[in-house]
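Student: First, the structure itself, so that you have it in front of you.
The values are calculated or read from the model by the stated rules, or taken from the named source; none is laboratory data. Bear in mind that the values here come from a model prediction, so they are computed numbers and not experimental data. All Cβ positions, even for glycine, are placed from backbone atoms using ideal geometry, and neighbour counts span all protein chains on display.
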Protein chains: 2
Amino acid sequence: MSISRRARLIFLVILACASLFFTDLIDCSGQERISERTLTSQAELFHQFIRSRRSIRRFKQEHLPLEVIMKIVDDARFAPSAGNRQPWRFIVVHKQELVKEMNGVVMWLPGCGPAKGEEPTAFIVVLGEKVNCAFAVENLVLSAHAEGIGTCIVGSVDWSRVKKLLKIPEKEQPFVVVTLGYAMEAAVAEDAAEEIGLRVWKDGAGKVHVPKKRLREVMSVDGYAF
Amino acid sequence: MSISRRARLIFLVILACASLFFTDLIDCSGQERISERTLTSQAELFHQFIRSRRSIRRFKQEHLPLEVIMKIVDDARFAPSAGNRQPWRFIVVHKQELVKEMNGVVMWLPGCGPAKGEEPTAFIVVLGEKVNCAFAVENLVLSAHAEGIGTCIVGSVDWSRVKKLLKIPEKEQPFVVVTLGYAMEAAVAEDAAEEIGLRVWKDGAGKVHVPKKRLREVMSVDGYAF
């Protein structure tokens, strides 16, 4: 076998291997590499992605690009709404002075909030009809997850201060504040065990554990069976 | 060059080409093939996916596998909820006699509902606290979209008949019914033009057009500016 033939063979082997491994770079979650070859289909990849999103409450103090936040809000715009009314408005809070002020108005799940230096680095204030806004907000948090950005939906908010800070008129109906930033904590969902219940808890290493009701507890087929 | 060497070379060429083209099979939307190489990142693929979901109201009369519907409900289970309470229940309606009955209890957007022979082929009845359920329902419809299944969230429902049909106790709070099936219509989102407003409309070919408020109408940065 001549050197050139051997070289061609080696080149092709490398190309084939590289191409096969290329699918390993696919990473919808932005947090964890998923080997595509272990999945039976692209839908499976999506199921893994959507199940891997967790609320994040401790953030790296890194700048979030405004254009990425705008893409996330753009995805929310395509959520369904009753009668296609789209009764929502989003105020992105990105300027550092305002972000600092916003950090004083959101109230966290007890024992899970950020310490000093772990606060969200941006916010999206959501105004409008609650149920329709909720569809859009779920798009927001999934879209952020796809961008590798952690979020938490916060309903306990000092709205009078937010309205003053962002000059929101009285007529607007406040819904929630979505906090954003690159995650500085890991969080996992687990089947809820009876002795723990649904309380979110942290282990010794600071990892957040989120107990989820089992499928059989929340789903029945062809009739009510709970 | 011997035949076996030539065969190995040809095999490797095919393998390399097949591997390179494999990424073309990625198809989150279940409706339209997207070439991964044309996208700058996996997040872009997600943005395309989430924006391509539309409500579907006319369905092929094809059987939906129960195990796929269960996967979709499983994704809903991982949605966020206030205090991690997960105040939701999902009743899958899959048995043909029940599906037929359910088709009599949902009320459609005027002029957009299915004709005879275009009805949904399965339903998910959602019970629980409205806002938290809405987060989960958005997961449902996106997950169905990933499986190539069309959905519509219907709030106008004859709940007394549903409760009787599925033996739902009075204490349960009804939220919405999600209709499911393989799409028999195309639907696109478009920037809303002033003369059309937000009304969903159909063109001569039966394609559904969904006007969406522009980003600048629903988003402002660092303060309320609408």
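Student: Take the residues in the range B:133-167 that are assigned to a loop (DSSP other than H, G, I, E, B) and buried (at least 20 other Cβ atoms within 10 Å of the Cβ), then tell me which one is nearest to the other protein chains (Cβ to nearest Cβ). Steps first, please.
Tutor: Pass one, the range B:133-167, residues assigned to a loop (DSSP other than H, G, I, E, B): B:147-149, B:155-156, B:158, B:167.
With the extra rule that they be buried (at least 20 other Cβ atoms within 10 Å of the Cβ), the set shrinks to B:147, B:149.
Working: B:E147: 5, B:I149: 10 Å.
Top of the filtered list is B:E147.
Student: For the range A:178-198, which positions are farther than 25 Å from A:I69 by Cβ, in contact (Cβ under 8 Å) with a residue 12 or more places away in the chain and not aliphatic (A, V, I, L, M)? I'd like the intermediate steps shown before the answer.
Tutor: Residues of the range A:178-198 that are farther than 25 Å from A:I69 by Cβ, as a first pass: A:188-198.
Filter once more, keeping what is in contact (Cβ under 8 Å) with a residue 12 or more places away in the chain: A:188-193, A:196-198.
Of everything in the range A:178-198, those that are farther than 25 Å from A:I69 by Cβ, in contact (Cβ under 8 Å) with a residue 12 or more places away in the chain and not aliphatic (A, V, I, L, M) turn out to be A:E190, A:D191, A:G197.
Student: Here is a follow-up. Only one residue in B:F123, B:F175 is hydrophobic (A, V, I, L, M, F, W, C), farther than 22 Å from B:V68 by Cα, assigned by TED's automatic domain parsing to the domain that holds B:I69 and crowded, with 19+ Cβ neighbours inside 10 Å, so which one is that? Walk me through how you get there before you give the answer.
Tutor: Values: B:F123 fails: farther than 22 Å from B:V68 by Cα.
Only one candidate passes the filter, namely B:F175.
Student: Across the range A:45-63, what is the total count of residues that are of a type in the set (F, W, Y) and within 10 Å of chain B (Cβ to nearest Cβ)? It would help to see each step written out before you state the result.
Tutor: If we filter the range A:45-63 for residues that are of a type in the set (F, W, Y), which is where we start, we get A:46, A:49, A:59.
Cutting the leftovers down to within 10 Å of chain B (Cβ to nearest Cβ) gives us A:46, A:49.
Going through the range A:45-63 one residue at a time, the tally reaches 2.
Yes or no, residue by residue, for (1) within 30 Å of B:R199 (Cα to Cα); (2) of a type in the set (G, A, S); (3) at pLDDT 95 or above:
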site	(1), (2), (3)
A:V13	no, no, no
A:L25	no, no, no
A:R33	no, no, no
A:F46	no, no, yes
A:R57	no, no, yes
A:L66	no, no, yes
A:M70	yes, no, yes
A:D74	yes, no, yes
A:E97	no, no, yes
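Student: Looking only at the range B:171-181, decide whether some residue is assigned to a helix (DSSP H, G or I), within 8 Å of chain A (Cβ to nearest Cβ) and either out of contact with any Cys (no Cβ under 9 Å at 6 or more places or on another chain) or more than 17 Å from A:G83 (Cα to Cα) (or both). Spell out the reasoning first.
Tutor: Our first condition is that a residue be assigned to a helix (DSSP H, G or I); within the range B:171-181, this holds for none.
No.
Student: Continuing with the same structure: Does the range A:120-132 contain any residue that is assigned to a helix (DSSP H, G or I), over 30 Å from B:Q48 (Cα atoms) and polar (S, T, N, Q)?
Tutor: Let us first name the residues in the range A:120-132 that are assigned to a helix (DSSP H, G or I), namely A:130-132.
With over 30 Å from B:Q48 (Cα atoms) added as a condition, the list becomes none.
Within the range A:120-132, none of the residues are assigned to a helix (DSSP H, G or I), over 30 Å from B:Q48 (Cα atoms) and polar (S, T, N, Q).
Student: Return the residues of the range A:84-97 that are facing another protein chain (nearest Cβ under 7 Å) and over 22 Å from the mean Cα position of the chain (by Cα); say none if nothing qualifies. Don't jump to the end; show me each part of the working.
Tutor: Restricting attention to the range A:84-97, the residues satisfying the condition of being facing another protein chain (nearest Cβ under 7 Å) are A:84-86, A:88-95.
Hits for the range A:84-97 are A:N84, A:R85.
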